[in-house]
Amino acid sequence: MPHQALKFQGRILIIAQAAVDLAELAYLLKQQGYNTNVATTLQASTAQLEGHLPDLILLSMQAPGGDAKLWCDKLKASAAISDIPIILLLSAEELKNRQLLFAKGCVDYLLRPFQSEEILARVGNHMMLYHLKKNLPNITQHDDLSRYVWMDAQRLEEKFAQLLHNSMELEERVKARTQELAQLNRVYERFVPREFLDFLKKRSIIEVHPGDQIHQEMTVMFMDIRDFTFISEQLTPQQTFNFLNEWLSQTSPVIRKYRGFIDKYIGDAVMALFPHGPEHALQAAIHIRKNLSRFNIKQRAQGKKPIDIGIGIHTGRLMLGIIGDRQRMQSTVIADAVNLAARLEGLTKIYGANIAISKYTLLRILNPKNYNFRSVGKIRLKGKKNAVSVYEVLDGCKEKELRLKMKTRSNFEKGLNYYQKKKFAEASMQFHQALEAYPDDKAARLYLTRSAQYLVNGVPDDWEGIEVMETK
């Protein structure tokens, strides 16, 4: 006949509050012939222990009515019941406390959600060990068979304890290694944005390979500190890095707040991508401009010169991908939209604007009337056929500048319309009226000067009133 494993019946006390735990465990164990009693609190379990003693206890860490650790201490202090094995019922979150409870005398644990095969195997092993120890308490040297059985039971218990110890040690190593890998991934994300990996459908930086790429429409934001070369010449290298990091620590969180991510830092410039719509980019730009005022207050308080920035925003289809070889790779974005956003930022210096945005982007904003803006002309990248209409966003300007530019917007845009139609006399009149109200309007003064020059000298036959941007 085939060998039949020993099976020991017995009484099991289940201490748990959750009705699901009680019902599931009691039903399964009764099906295997075990007698079960249940207690929904630690106090109720104490009363049951004063009656018929169980052969094994299943204890939930969530059982109310006291502290499970103190309850174990009290149980083990009683000689009559100190040998009763306790198996813990744990959730994944409670695993971190299991070592302390093992020190209190618990012998094993079951992890939610429970598995029937695991419950029966662990309960069966501990029930067998308990009965062997309980039923062979007085072994004499002359009873060789009983002594050998007792020794086997002792060795089995020691092996089981060692296996449990090794299992816990392995879990701790796996946990530590998992935390180390997670931390390493977080460090890598400082160099390759997590969003970049998500778009490439990569779970980790180690899955990235040269040539991985996607095409998608996004909004690009270019931001640059004006006259940074002059500023850096007044600083030591260490002061330059400290200054840049202080400023970027003010701007980077704003970009993330509006669901953007930084593709790269280019010296003092920042290139950010906004995959969820152009309005996020515009709101981030306005927020950064407002932060600049507070940053400059601090600069002045420390005896330092205030700074100014320009921001360009454009939307278009991009190719995001990984370039390089297996020894040296980097993420990059390739698209005309990137070049145009950079040129728009450069245009802010020419027109005295803070934020320049393309018409293509402005039309994709859900409620453009929520913002203050004015048309400032058209640009075309060198080598490209189509021109792009450009708007200056006035939100984020100083209050006086915003008020006066909005007041003169009609004059300015009429003048721009005349200018593009080569009606330079009419254009000059409109720009002059705008400057009378706001003499610091750099764009109005630029167009007034050009109108006067063209009125005197004329324009080439192919003149279209478009700014051709060869470089930033």
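The values are calculated or read from the model by the stated rules, or taken from the named source; none is laboratory data. This structure is a prediction, so every number in the text was calculated from the model and none was measured. Because the Cβ atoms are built from the backbone with ideal geometry, glycine has one as well, and the counts that use them run over all protein chains shown.
General remarks:
- Restricting ILE357, ILE379, ILE350 to those that are in contact with a His (Cβ under 8 Å, 6 or more places away or on another chain) and under 18 Å from VAL468 (Cα atoms) reduces the list to ILE357.
- Verdict on ASN339 being over 30 Å from LEU200 (Cβ atoms) and not β-branched (Val, Ile, Thr): no
- Residues that are of a type in the set (Gly, Ala, Ser), under 16 Å from ALA285 (Cβ atoms) and assigned by TED's automatic domain parsing to the domain that holds HIS314 do not occur anywhere in region 329-336.
- When residues of region 204-234 are limited to those that are of a type in the set (A, V, I, L, M, F, W, C) and at pLDDT 85 or above, the one farthest from the chain's Cα centre (by Cα): PHE228
Residues checked against (1) in contact with a Leu (Cβ under 7 Å, 6 or more places away or on another chain); (2) of a type in the set (Lys, Arg); (3) without any contact (Cβ under 8 Å) to a residue 24 or more places away in the chain; (4) closer than 20 Å to ILE357 by Cβ:
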{"site": "TYR391", "(1), (2), (3), (4)": "yes, no, no, yes"}
{"site": "LYS398", "(1), (2), (3), (4)": "no, yes, no, yes"}
{"site": "GLU401", "(1), (2), (3), (4)": "no, no, no, yes"}
{"site": "LYS407", "(1), (2), (3), (4)": "no, yes, no, no"}
{"site": "LYS414", "(1), (2), (3), (4)": "no, yes, yes, no"}
{"site": "ASN417", "(1), (2), (3), (4)": "no, no, yes, yes"}
{"site": "PHE431", "(1), (2), (3), (4)": "yes, no, yes, no"}
{"site": "TYR438", "(1), (2), (3), (4)": "yes, no, no, no"}
{"site": "LYS442", "(1), (2), (3), (4)": "no, yes, no, yes"}
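- Any hit, region 312-320, residues being under 21 Å from the mean Cα position of the chain (by Cα) and touching a residue at least 60 places away in the same chain (Cβ under 8 Å): yes
- Close Cβ contacts (under 6 Å, 6 or more residues apart or on different chains) running from residues in region 226-251 that are assigned by TED's automatic domain parsing to the domain that holds LYS304 and within 16 Å of PRO306 (Cβ to Cβ) to residues that are at pLDDT 85 or above and part of a helix (DSSP H, G or I) comprise SER232/THR240; GLN250/ASN291; GLN250/PHE295; THR251/ILE288.
- Checklist (1) under 45 Å from the mean Cα position of the chain (by Cα); (2) among the charged types (D, E, K, R); (3) not in a loop (DSSP other than H, G, I, E, B) applied to ARG450, failing item: (1)
- Qualifying residue in region 204-213 (condition: in contact (Cβ under 8 Å) with a residue 40 or more places away in the chain and part of a strand (DSSP E or B)): yes
- Criterion violated by ARG403 - all others in (1) in a loop (DSSP other than H, G, I, E, B); (2) surrounded by fewer than 19 Cβ atoms within 10 Å (Cβ to Cβ) satisfied: (1)
- Residue in region 411-425 that is outside any helix (DSSP H, G or I), aromatic (Phe, Trp, Tyr) and surrounded by 17 or more Cβ atoms within 10 Å (Cβ to Cβ) present: no
- Just one of (1) modelled with pLDDT of 90 or more; (2) surrounded by 13 or more Cβ atoms within 10 Å (Cβ to Cβ); (3) among the polar types (S, T, N, Q) fails for GLN238. It is (2).
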